[in-house]
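Remarks on the structure that follows.
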2 protein chains.
Amino acid sequence: MSKKLDLRVKRTRKLINEAFLKLIQQKGFDSVTIQDIAEEALINRATFYLHYEDKYDLLEKISRSAIDELTSVLNPVLHISEHEVQVEKLRTTIEKVYESMEKNQVFYTVMFGEHGVYNFRNNLEEVIRENFSKKMTELGVRPEDFEIPKDMILHFISAAFVGVVQWWLKQSTKPSSQEMAMKLSKIITAGPMQAAGLKIEKQL
Amino acid sequence: MSKKLDLRVKRTRKLINEAFLKLIQQKGFDSVTIQDIAEEALINRATFYLHYEDKYDLLEKISRSAIDELTSVLNPVLHISEHEVQVEKLRTTIEKVYESMEKNQVFYTVMFGEHGVYNFRNNLEEVIRENFSKKMTELGVRPEDFEIPKDMILHFISAAFVGVVQWWLKQSTKPSSQEMAMKLSKIITAGPMQAAGLKIEKQL
DNA sequence: GACACTCTGTTAACTAATCAACATTTTGTC
DNA sequence: GACAAAATGTTGATTAGTTAACAGAGTGTC
């Protein structure tokens, strides 16, 4: 599938990513220059252009890889059959989501941080909404049947989810992914999902 | 003086150094292999051999550069004229020593650490002793005249100095270099230097 | 003590990254 | 709005680093 990447390419990209995030945290995305990045990453400025068009391209590619990983894990989050949520599956998937965030912790922390990227939170919520939404229609789940607008449910869940993640990332001693998954799956199944008229399988 | 170093060389060495220290901390110097280093540093194993003979050579070169920096700062520590210690000069020099250690904090912490390098503490003390000793003879200071063996004074100072540094490095919120310099210069002038028969200039 | 296994040290052909130079564009400030 | 300074984006020639392949040294374990 993926042809083996030259070690230099792998290393260069890693160095650029790290430098970029560090600089965003220091001075904010807007004031980061390509020159800054090259200097911090110990690469020649010309090398940057071998990999990225500009800093917007870089931001997009970094974001995409983090978000792609997140959504690939998020995808099976609603393993719903016949309007029945399988609680255990929900729990393990949330756990995987938190593991993914832990792995890309630096990325998320910087993006959410004081000097983070404008609108990142909203964009992340949107990604999550789209994923939930797609899955719902795919499975024929129609909260409208229960007099709750689908959009409302989606905004409720995505906002709550991202809000909790943001809080979690700031904790110096973070509750484990397992713990977070346990608690969140309880809350979600107890609240919004029942409101949306989804039958809940018996709790673990 | 120093011809400009190719950016790749600079970067490769930095990556090797960081990887090396990280690995020593993880598994101890003895069990670190060149293969480990290459993998961690994202460089080819062959590249390692372009820069160092083996891990002993690497250790020596890393150590040398840290120690060289230290001693170059340590050199003027005893600005003694006519057996009179200039307290203010002593203070500022200790301050610089602590700044140097702060800069190479990772190096020193790893070397002193649980998986550190055997005998590193003793070697460091020796370096310090040699520097003090050289300076003393250079200036004709003879504590023997006051019935204290020179070696005893040297061991007293070097051991105390390194002991304090080791303690300092472990503190999560370290007293500043200024603070350390202030306190240490007081202790040293009050204790061993007077014992060695050196007249002390009036305190700041 | 012979087996598989990992680590070492070295090589020649290939390639990514550097250098330094250039013309442009953007930024900031007087 | 005009000038200097800094950042951008591109280039061709040069070099450090990669690759993969080698033979040999050290480890352990059955």
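The values are calculated or read from the model by the stated rules, or taken from the named source; none is laboratory data. What you see is a predicted model, and the numbers here were worked out from it, not measured in a lab. As a convention, Cβ positions derive from the backbone with ideal geometry for all residues, glycine included, and neighbour counts pool all protein chains shown. Only protein heavy atoms, including side chains, enter the accessible area calculation; ligands, DNA and RNA are left aside. Shrake-Rupley method; radii C 1.70, N 1.55, O 1.52, S 1.80 Å.
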Item to check | Cβ pairs under 8 Å, 6+ apart, first in segment A:54-75 and among the charged types (D, E, K, R), second part of a helix (DSSP H, G or I) and within 16 Å of DNA strand C (Cβ to nearest atom) | outcome: A:Asp54/A:Ile34; A:Lys55/A:Phe20; A:Lys55/A:Phe29; A:Lys55/A:Ile34; A:Lys55/A:Ile37
Checklist entry - Taking into account only those residues within segment A:19-35 that are open to solvent by 40 Å² or more (accessible area, probe 1.4 Å) and more than 14 Å from chain B (Cβ to nearest Cβ), which is farthest from DNA strand D (Cβ to nearest atom)? => result A:Gln25
Checklist entry - Picking from B:Met152, B:Met180, which residue would you name as being at pLDDT 70 or above, open to solvent by 60 Å² or more (accessible area, probe 1.4 Å) and at negative phi? => result B:Met152
Checklist entry - Where residues in segment A:36-53 are within 11 Å of DNA strand C (Cβ to nearest atom) and of a type in the set (D, E, K, R), which of them is nearest to A:Ala19 (Cα to Cα)? => result A:Glu39
Item to check | Odd one out for A:Ile43, checked against (1) open to solvent by less than 60 Å² (accessible area, probe 1.4 Å); (2) assigned to a helix (DSSP H, G or I); (3) of a type outside the set (S, T, N, Q); (4) within 14 Å of chain B (Cβ to nearest Cβ) | outcome: (2)
Item to check | Extreme residue, nearest to B:Leu74 (Cα to Cα), among residues of segment B:89-114 that are open to solvent by 70 Å² or more (accessible area, probe 1.4 Å) and at pLDDT below 80 | outcome: B:Lys89
Checklist outcome for this item: Scanning segment B:1-31 for residues that are closer than 22 Å to B:Phe112 by Cα and near DNA strand C (Cβ under 8 Å from one of its atoms) gives none
